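Read the structure below first, then the notes.
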Amino acid sequence: MALREAVRRRRLFPKARWLAKQMQVRFDLWSHRRDESVQRWRSVLVEARAGHVVVPSVAIESNRREAGDFAARGLVRRGDRVLDVGAGNGRQAIGLVELGVGSYTGLDVIRRSVDRANAVFASIGNVRFDWFDVRNPMYNPHGSQPPDEVTFPYPDASFDFAVALSLFTHLEHLFVAQRYVSETARVLRTAGGAFMTFFKSPPNATTTSAVRTVFSEADIRRIVEERFVILDAVGCETTAFHDQWRLYLRKR
């Protein structure tokens, strides 16, 4: 029974969800065929074969809102050097590029996402994506680098702002998350800004699943506050899949 369930989830449900999402994407593109912003960024958001599939108009609006939120809180400014850890197909770059950051660097473990993102952003000179061959059972099961020994491929103080949206929600173990927090702090300048999201308990039950990793709120605060000051903490009031705990941070 367990084997049958695993096969069903791996082979049938992901494919069915991907096809359903593609239908949503096509309808959204048709509905916004005269929307210049959707047409401008469609190559970033459409035809991705790895990582998350997003609805273009929804993703663009979300990215712009998030970038505006970061700027309003004083975490990122025009001309800043930005690192996106777990960048996926590059959707987070949209709002930040439009905001006018000096450079955007995306780091991800999915090689196909990195290669594709570099291709679609090739005409924008201040955007680049780097492959990070770290092992993760969901996104890079054959990665060469153990997740608890990660070292970001950048010198100390290389960035002014770092974002990690839906990254810690897949890292499985607290000691891995602690390593990622430490590396994020290392590559940020002193007093640099950061944004991270988690699933926390409560209200969720703790789990070490790579699909949905949940840590206790106390543990999250402990590993984050070793390196950062928490300026604000918002969300994760329900167990809904997209209701994540959003932390706005400043490097100590």
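Points to keep in mind about this one:
- Residues of the stretch 235-252 classified as out of contact with any helix residue (DSSP H, G or I) (no Cβ under 9 Å at 6 or more places or on another chain) and without any contact (Cβ under 8 Å) to a residue 40 or more places away in the chain, total: 8
- Qualifying residues in the stretch 45-67 (those that are of a type in the set (Gly, Ala, Ser), assigned to a helix (DSSP H, G or I) and touching a helix residue (DSSP H, G or I) at 6+ places or on another chain (Cβ under 7 Å)) - the one modelled with the highest pLDDT: Ala67
- Flag for Phe199 being over 15 Å from Arg252 (Cβ atoms), touching a residue at least 12 places away in the same chain (Cβ under 8 Å), of a type outside the set (Ser, Thr, Tyr) and crowded, with 21+ Cβ neighbours inside 10 Å: yes
- Subset of the stretch 129-180 that is part of a loop (DSSP other than H, G, I, E, B) and of a type in the set (Asp, Glu) - its residue that is surrounded by the fewest Cβ atoms within 10 Å (Cβ to Cβ): Asp156
- Boolean, Gly95 is assigned to a strand (DSSP E or B) and of a type outside the set (Phe, Trp, Tyr): no
- If you go through the stretch 209-252 and keep only what is of a type in the set (S, T, N, Q) and in contact with an Asp or Glu (Cβ under 9 Å, 6 or more places away or on another chain), you end up with Ser209, Thr213.
- Criterion: out of contact with any helix residue (DSSP H, G or I) (no Cβ under 6 Å at 6 or more places or on another chain), exposed (fewer than 14 other Cβ atoms within 10 Å of the Cβ) and closer than 30 Å to Ser43 by Cα - qualifying residue of Ala119, Ala205, Ala218: Ala119
- Of the listed requirements (1) at pLDDT 85 or above; (2) farther than 26 Å from Ala119 by Cβ; (3) assigned to a helix (DSSP H, G or I), Phe13 misses just one: (1).
- Enumeration of residues in the stretch 181-216 that are part of a strand (DSSP E or B), more than 20 Å from Leu96 (Cβ to Cβ) and touching a strand residue (DSSP E or B) at 6+ places or on another chain (Cβ under 8 Å): Thr190, Phe198, Phe199, Lys200, Ser201, Thr207, Thr213, Val214, Phe215, Ser216
- From Leu29, Leu107, Leu75, residue being of a type in the set (A, V, I, L, M, F, W, C), surrounded by 14 or more Cβ atoms within 10 Å (Cβ to Cβ), part of a helix (DSSP H, G or I) and modelled with pLDDT of 70 or more: Leu29
- The listed residue being among the charged types (D, E, K, R) and either part of a strand (DSSP E or B) or in contact (Cβ under 8 Å) with a residue 60 or more places away in the chain (or both), out of Asp232, Asp219: Asp232
- Subset of the stretch 152-194 that is over 16 Å from the mean Cα position of the chain (by Cα) and among the polar types (S, T, N, Q) - its residue that is farthest from Leu107 (Cα to Cα): Thr190
- Residue among Ala194, Ala240 that alone is out of contact with any Gly (no Cβ under 6 Å at 6 or more places or on another chain), closer than 23 Å to Asn63 by Cα and either modelled with pLDDT under 95 or surrounded by fewer than 20 Cβ atoms within 10 Å (Cβ to Cβ) (or both): Ala240
The values are calculated or read from the model by the stated rules, or taken from the named source; none is laboratory data. Keep in mind that what you see is a predicted model, and the values were worked out from it rather than measured. Cβ: placed from backbone, ideal geometry, glycine included. Neighbour counts: every protein chain shown.
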